[in-house]
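Comments concern the structure below.
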Amino acid sequence: MVEYWLGSQVNRAMVAAVTVVVKIGTSSLTDAQSGSLRLSVLGPLVEVLTRLRGQGHSVILVSSGAVGVGCSRLGLRQRPTTIAEKQAVAAVGQGRLMRLYDDLFSALNQPIAQVLLTRSDLVERTRYVNANRTFAQLLQMGVIPIVNENDTVAVEELKFGDNDSLSALVASMVQAQWLILLTDVDKLYSADPNRDPAAEPIERVMRGIPLRVKAEVQGKSGWGTGGMATKLTAAQIATAAGVTVVITNGKRPEQIPAILAGEAIGTRFDPAPQPASARKRWIAYGLVPEGSLTLDAGAVRAVCEQGRSLLPAGVTAISGEFEAGAAVRLCDPSGQEVARGLVNYSAEELRRIKGKKTAEIPHILGYEGVDTAIHRDNLALLD
């Protein structure tokens, strides 16, 4: 029996110990005008996460705010635009942010750990596995990892782009049961309610039912990098891994226990009933695609409905330059991405054998290649 204290009332619910990833955005953490930290949000958040850890749950916090805090410390009035400026400002802000977290969690005797990741840590399989082992060990030791992108060293080509995607990839990696995205709105709407009076709140997103919303790509605070569109992408990544995702108000972190107890707060995204394997999730979302293959209708059916490998005969066009073993997008005839996979041939070779039968490959390439362009074991479908 777990008791969740919500104000003066007790909500008694049988909730088994779970792994929960909580992501808090810059818009919730910092003041919209100055970029300075909001202690009125940080304090309750730290208390709630510490209480959850004490109740036996495994907790990971993905925290934005380093650039915003760095700007505040340096007296900058707007977010830097160049990579070098962002990296320098993040280096200033990250230390201040972690010091504050350490002070607050230490006051409650809760150990924490700083984990800085780059996309390269998830692209390279060995580093991906090592990162997963580190998280597992920290959680086993009762530590709350605090995760952020390592902006100081990340390059543009290998950036997560936003901490929404980072939190979803972390939730997928550690096989969390919950991902809670704390943001500046109470839930997802069909459009921006501040601009469209006809915008309707969406309380639940169920699998298999199309979701049509007008989502902002950029946040409104001026200090963060993500808008609602990035949260929808994060929800797609995490739910495919079997994680339940909730978007809710970051200024009310005390609602997190109620969400875990099943209360209808914010917008809930149902997880996939049969999530893909860890390796296929890594192929689908951990890697950065280096090119694209366009498939004919028959190949799309074979790959998406029949669980078959992709043959060169089903490829109609190749975009990008890549070598054998690279990750690529698989698109249907309309250009819609339907899957990702690891190719057995380079882009130059695929251009020569696309649309050809398997028996023709040795004559075209001059050597005995494999029959498949992408084997089904190296192919992951997307929602």
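The values are calculated or read from the model by the stated rules, or taken from the named source; none is laboratory data. Computed from a predicted structure; not experimentally measured. All Cβ positions, glycine included, derive from the backbone under ideal geometry; neighbour counts span all protein chains shown. These accessible areas exclude ligands, DNA and RNA; they are computed on the full protein's heavy atoms, side chains included. Shrake-Rupley method; radii C 1.70, N 1.55, O 1.52, S 1.80 Å.
Kindly give the semi-axes, whole Å and largest first, of the ellipsoid equivalent to the range 34-109, taking each as the square root of 5 times a Cα gyration tensor eigenvalue.
One finds semi-axes of 28, 12, 10 Å for the range 34-109.
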Which of Lys86/Lys280; Lys86/Lys231; Lys231/Lys251; Lys251/Lys280; Lys187/Lys280 have a Cα-Cα distance over 28 Å? Lys86/Lys280; Lys251/Lys280; Lys187/Lys280
From the residues Ala373, Gly262, Gln236, which one has its Cα farthest along the dipole of the chain in the positive direction, the dipole being from +1 and -1 charges on Cβ of Lys/Arg and Asp/Glu about the Cα centre? Gly262
If packing is taken as the average number of other Cβ atoms within 10 Å across a peptide's residues, how do 78-88, 371-381, 244-254, 96-106 rank, most packed first? 244-254, 371-381, 96-106, 78-88
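Give the calculated FRET efficiency between Ala261 and Thr126 to the nearest 0.05, with a Förster radius of 45 Å applied to their Cβ-Cβ distance.
Efficiency, from the Cβ-Cβ distance: 0.70.
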Relative to the longest principal Cα axis of the chain, at what angle does helix 39-54 sit, 0 to 90 degrees, rounded to 10? 70
Along the dipole axis of the chain (charges at Cβ: +1 for Lys and Arg, -1 for Asp and Glu; origin at the Cα centre), the most positive-end residue among Thr19, Gly355, Leu116 is Thr19
The answer for Val62, listing residues at least 5 apart or on another chain whose modeled amide H is closer than 5 Å to its amide H, is Val22, Lys23, Ile24, Val147
Can you tell me how the chain classifies by the Cα gyration tensor, rounded, prolate or oblate, using a/c under 1.5 as the rounded cut? prolate
Mean accessible surface per residue for the chain, computed with a 1.4 Å probe while every protein chain stays in place, in Å²: 46
Tell me the label-point distance for the pair Thr358, Val18, using the 7 Å Cα-to-Cβ offset, in nm and rounded to one decimal. 4.4
Just to confirm the number: angle between the C-alpha axis of helix 228-240 and the first principal axis of the chain, 0 to 90 degrees, nearest 10? 70
Roughly how big is the chain's charge dipole about its Cα centre, with Cβ charges of +1 (Lys, Arg) and -1 (Asp, Glu), in debye to the nearest 20? 380
Considering only Leu211, Leu293, Leu37, give the residue with the highest GNM mean-square fluctuation for the chain, with springs between Cα atoms whenever their separation is below 10 Å. Leu211
Of all accessible heavy-atom area on the chain, the percent that carbon and sulfur account for (1.4 Å): 49
What aspartates and glutamates sit close enough to Lys354 to cross-link, taking a C-alpha to C-alpha distance under 17 Å and skipping anything fewer than 8 places away on the same chain? Asp296, Glu321, Glu323, Asp332, Glu368, Asp371
Express the relative contact order of the range 43-153 as a whole percentage, based on alpha carbon pairs under 8 Å and six or more residues apart in sequence. 35
Shape verdict for the range 35-182, please, from the Cα gyration tensor: rounded (a/c under 1.5), prolate (a/b greater than b/c) or oblate. oblate
Tell me, in nm to one decimal, what length is gained between Leu382 and Leu39 on full extension, where the rule is 0.36 nm per residue of separation less the Cα-Cα distance? 119.5 nm
Projecting the Cα atoms of Val62, Thr126, Leu100 onto the charge dipole of the range 61-181, where Lys and Arg contribute +1 and Asp and Glu -1 at Cβ, the residue farthest towards the positive end is Leu100
Measure nothing but the geometry: give the 0 to 90° angle between the long axis through the Cα atoms of 83-107 and the longest principal axis through the Cα atoms of the chain, rounded to 10°. 50
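Can you give me the relative contact order of the chain as a percent, contacts being Cα pairs under 8 Å and 6 or more apart?
Here the relative contact order equals 15 percent.
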